[in-house]
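To start, the structure itself, in structure tokens.
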Amino acid sequence: MALEHHGSERTSAPRTITPLSTPAVTSVGEGMLRFPYSAPELRVLVKSALDEDGAFNDLTTIATVVSERHARGRLVARAPGVLAGIALGLEAFRMLDPKVTMRVDKEDGARLATGDSILYLSGHARALLAAERVALNFMQKLSGVASITARYVDAVSGTRAKILDTRKTTPGWRLLEKYAVRAGGGTNHRLNLSTAVLIKDNHLAAVDGDVALAVRRARDLAPAGTKVEVECDRIEQVQAAVDCKADIIMLDNMSTAKMAECVKLVNGRAITEASGGVNLDSVRVIAETGVDWISVGALTHSAPALDLALDFE
């Protein structure tokens with residue numbers, strides 16, 4: 001099932017939304033953004049949200065709007081940002097009015113200016129009104145994640161550092177929020193606890209601080225090819241992680257001076273990741289230490305919703 005586009009203008013920019021029948025967790029190919037759910041999964045998710053909101057029994061709209069009335073409206077950006085979640089909005093409007101006409105003016109990953117038109121809709125007034133809140137809830141939340149991600153990505157432009165998310169996601173929304181991070185130009189860290197090994201301070205405490213033992217046990221248990229990462233807050237731990245050939249070394253809550261020293265010590269033998277205390281004021285300085293990755297929990301746990309609205313003509 002491909003997203004519909006009715007009369008929208010085309011430019012030379014690469015398409016950013018691919019058919020929903022091909023779900024993927026990671027981006028594939030330059031300029032490509034893969035939505036994480038298949039069409040049936042998308043319908044189940046949106047139907048659940050509409051049911052939660054009582055959208056199929058909207059008392060106010062039923063009481064005030066005659067059933068045959070049609071309406072036209074435009075979903076617009078009330079603030080600048082980056083768009084994400086348009087497939088969810090489209091499905092919400094379709095589910096209430098299967099014959100609704102929708103023109104997509106902006107796709108996921110697009111940078112929005114205040115006043116930009118995102119969707120133009122024409123259909124039954126009752127359906128547009130009943131679906132409005134659910135569509136906006138999905139799109140505002142995910143666009144907020146994409147927008148703050150883009151601010152971090154812009155802040156480290158020109159350095160080698162990539163901006164990564166974390167597992168600090170809303171329960172049940174992880175695939176969507178990590179998708180929104182990609183829409184904002186960020187990179188996904190491990191999807192969940194089963195997809196990679198991350199040996200943190202409490203894990204090390206369970207083996208009396210023996211980094212080599214922890215890494216060896218991880219490699220013995222995990223499937224071949226699984227990446228092993230070690231969280232380090234001291235140079236001695238970094239050296240131990242390098243010696244036992246950890247794939248990724250997390251430099252946790254270090255000063256930028258110590259971080260730069262550790263990057264030099266690793267010297268490309270592992271991926272280096274900065275974590276802890278990262279914000280928009282500090283991220284550029286952290287990137288300039290030469291780290292490969294910078295993980296930012298705030299991308300998903302503290303992103304403010306982007307102000308979007310549906311304006312009827």
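Please treat every number below as a calculation from the coordinates, not as lab data. From a predicted model like this one, the values you see are computed outputs, not experimental measurements. Positions of Cβ are generated from backbone atoms using ideal geometry, with glycine treated the same way; all protein chains shown enter the neighbour counts.
Side notes on the structure shown:
- Helix 174-183 and the longest principal axis of the C-alpha atoms of the chain enclose an angle of approximately 90°.
- Highest mean first, the peptides 37-46, 78-87, 63-72 sorted by other C-beta atoms within 10 Å per residue fall in the order 78-87, 37-46, 63-72.
- Long-range amide H partners of L198 with built H, under 5 Å: E229
- Helix 256-266 axis, angle to the chain major axis (alpha carbon atoms, nearest 10°): 70
- Calculated FRET efficiency for the pair V44/E313, C-beta based, R₀ 35 Å, to 0.05: 0.60
- Mean-position separation - Cα centroids, region 247-313 and region 150-195, in angstrom: 10
- A simple charge model with +1 on the Cβ of Lys and Arg, -1 on the Cβ of Asp and Glu and nothing else charged puts the dipole of region 132-268 at about 500 debye relative to its Cα centre.
- Residue with peak Gaussian network fluctuation, the chain [Cα springs, cutoff 10 Å], from T166, T149, T195: T195
- Note on the chain: helix-only mean residue ellipticity at 222 nm, from DSSP H runs of 4+ residues weighted -39500 (n - 2.57) and normalised by residue number, equals -11000 deg cm²/dmol.
- For region 240-282, trypsin sites (Lys or Arg not before Pro) are listed when DSSP marks them as loop and at most 16 other Cβ atoms sit within 10 Å of their Cβ; the list is K245, R269.
- Pairs from the table (K141/K258; K47/K200; K168/K258) lying more than 30 angstrom apart at Cα are K141/K258; K47/K200.
- Take each peptide in 219-229, 88-98, count the other Cβ atoms within 10 Å of every residue, and average; sorted highest first, the result is 88-98, 219-229.
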